[in-house]
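The structure under discussion appears below in the form of structure tokens.
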Amino acid sequence: MFSRRLFLASTGAALWVPKMAYAEGGKAHFTLGVASGSPTPSSVILWTRLAPDPLNGGGMPPGTADVRVRVCTDDAMRNPIRDEIVRTSDADAHSIHYKLTGLKPGREYFYQFYYGDEESPVGRTRTTDPNAPEAKVALAYCQHYETGHYAAYRDLASWVPDCVIHTGDYIYEGGISAFGAKMRDVGGGERRMFEIVRQHNSNEIVTLWDYRNRYALYRADPHLQAAHAIAPWIVAMDDHEVDNNWAAGTPQDPEKQTPLEFEIRKYAAFKAYYEHMPIEAPPAFNKMKATLQLYGKYHLGPALIHLLDTRQFRDDQPCGDNRKPYCEEALDPKRTIMGAEQEAWLTRSLKTSSAPFNVIATQVWFTSYRYTEAPEAAETNLDSWDGYPSARDRLSATLADGVSNPIFLTGDWHTAMASTLHEDQFDPNSRRIGHELVGSSISSYCPWARDMEIVRDANPHVSYLNGNKRGYLRTTFSKDNCSAEFRVVEDSGRADSPVTTDIEMRTKDM
Ligand SMILES: [Fe+2]
């Protein structure tokens, strides 16, 4: 079981991070904490990175460095099952991705790295167990550094989930904003105040050096480190890890760069993402294209989780980006948001699944949302599945064809939301296919919250909506229910803000 000692080490992260950062006798190297991820019943990836000067390229001398990794079955680190030396080098920014194999399903393990006389914090991880009666899964996304502290992650760590899903916008690529309050239009003639509480460390990031330093800035946050140290994460990026609203080979501003320049930028972004995430495989650059394997399947007790990648293989947003009525292009039946290969993989897996709950973790909302009262020529967000109606119809048809309890767990829109999905979403008499649950964003604010509230009546399938608070989602799966706690941060401008449950919903009752 999980003891008080590690709980304090994690949730009181502010206590141990400064200690590591100013360790006596030289520079501290474990400034970015530890992490684990990509769990299976028998393996997990353990991560750390040596970075004595994290915001300036890391600060390690060129060449290799040997790091010891120890894994124990107890948090006091007395019962080792592994003790090995792992070599890292400047080619991967001195990051380590150690694949720990030969484990037992549904077990906790504790790990620690050593470099010279230094010890890293102790991390806790857990293998998956397809036969477990219950699974506790947290969902997080959208953590703009400038617009909030990570009280949500402090609270997430205290829950000690079996696994954390991150559906993207782990970093934001933009430059430095001015400190203080900003007034923004939020729709309906209203203006609301948003605050910049801390600042980015450079102009818009483009090169590998920039992306590495941006990840280091975010990862230096003690509450984000605590959330990584407490549980394995499964991760897939959305748009801001590269560039706002990018789609496969198309950047936000195609006129400002050549396709090859964008692929090089993507490769830099993918490389830095890999160097800071507990994932197994690095990116590749083949035939002038950058690629990174992110989508995958994880089986936690009653929940079979499919984590999607809806950025790398999608057709460009139709009719131009943003919220618009459909143009003809949007209705093209060939349009894809997952790419043919991923779509075939997902369809196959769903059709053969015997899990009580079939979770689809996706970057952008599957639920349709009308931003206008009139159904004719309704405006929708064309960056979400609303911009890919034929791809959504294909997946809806698969789900309606006997897939047990489909649940979408989704990020992107900085708004907490719960909906019931029907084959035709605006026809409650059409076949019911499942639910979508979206926690709030960790720290990114929602200037379109009021816009969405005004048209709630035009979206009767949405049973809960809250864009006014930051937060995350706790889900607990059992054989016949998924309960979702929508956690909200009272004041995202404070790292010590209280975090409470706004509403708890059970799919049994929805
Ligand atoms: Fe975001």
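Taking the criterion of being within 16 Å of the ligand (Cβ to nearest atom), under 25 Å from ASP238 (Cα atoms) and outside any loop (DSSP other than H, G, I, E, B), would at least one residue in segment 168-182 satisfy it? Checking segment 168-182: not a single residue is within 16 Å of the ligand (Cβ to nearest atom), under 25 Å from ASP238 (Cα atoms) and outside any loop (DSSP other than H, G, I, E, B). Here is a check on your reading of the model: is ARG78 more than 23 Å from ILE205 (Cα to Cα) and not in a loop (DSSP other than H, G, I, E, B)? Judged against the criteria, ARG78 is not a match. Within segment 151-164, is even one residue of a type in the set (A, V, I, L, M), more than 26 Å from ILE305 (Cα to Cα), in a loop (DSSP other than H, G, I, E, B) and more than 16 Å from the ligand (Cβ to nearest atom)? No, segment 151-164 contains no residue that is of a type in the set (A, V, I, L, M), more than 26 Å from ILE305 (Cα to Cα), in a loop (DSSP other than H, G, I, E, B) and more than 16 Å from the ligand (Cβ to nearest atom). Among the conditions (1) open to solvent by 10 Å² or more (accessible area, probe 1.4 Å); (2) at positive phi; (3) within 16 Å of the ligand (Cβ to nearest atom); (4) not hydroxyl-bearing (Ser, Thr, Tyr), the only one that GLY106 does not satisfy is (3). Could you list, ordered by first residue, the pairs with Cβ atoms under 8 Å in which the first is in segment 327-345 and among the acidic types (Asp, Glu) and the second is in a helix (DSSP H, G or I), at least 6 apart or interchain? That search, which allows pairs on different chains as well, returns ASP332/SER390; GLU343/ALA391; GLU343/ARG394; GLU343/LEU395. Of all residues in segment 463-482, those satisfying the criterion of being crowded, with 16+ Cβ neighbours inside 10 Å, part of a strand (DSSP E or B) and either free of Cβ contacts under 8 Å to residues at least 60 places away in the same chain or not assigned by TED's automatic domain parsing to the domain that holds TRP159 (or both) are TYR464, LEU465, ASN466. Scanning segment 235-283 for residues that are open to solvent by less than 10 Å² (accessible area, probe 1.4 Å), assigned to a loop (DSSP other than H, G, I, E, B) and away from the ligand (no atom under 15 Å from the Cβ) yields MET277, PRO278. Of all the residues in segment 434-461, those that are among the hydrophobic types (A, V, I, L, M, F, W, C), buried (at least 23 other Cβ atoms within 10 Å of the Cβ) and away from the ligand (no atom under 16 Å from the Cβ) number 1. Scanning segment 500-510 for residues that are open to solvent by 20 Å² or more (accessible area, probe 1.4 Å) and in contact (Cβ under 8 Å) with a residue 24 or more places away in the chain gives ASP502, ILE503, MET505, ARG506, LYS508, MET510.
The values are calculated or read from the model by the stated rules, or taken from the named source; none is laboratory data. This is a predicted model, so every value here is computed, not measured. Please note: Cβ atoms are built from the backbone with ideal geometry, for glycine as well, and neighbour counts cover all protein chains shown. We work out accessible area using only protein heavy atoms, side chains counted, and drop any ligands, DNA or RNA first. Shrake-Rupley method; radii C 1.70, N 1.55, O 1.52, S 1.80 Å.
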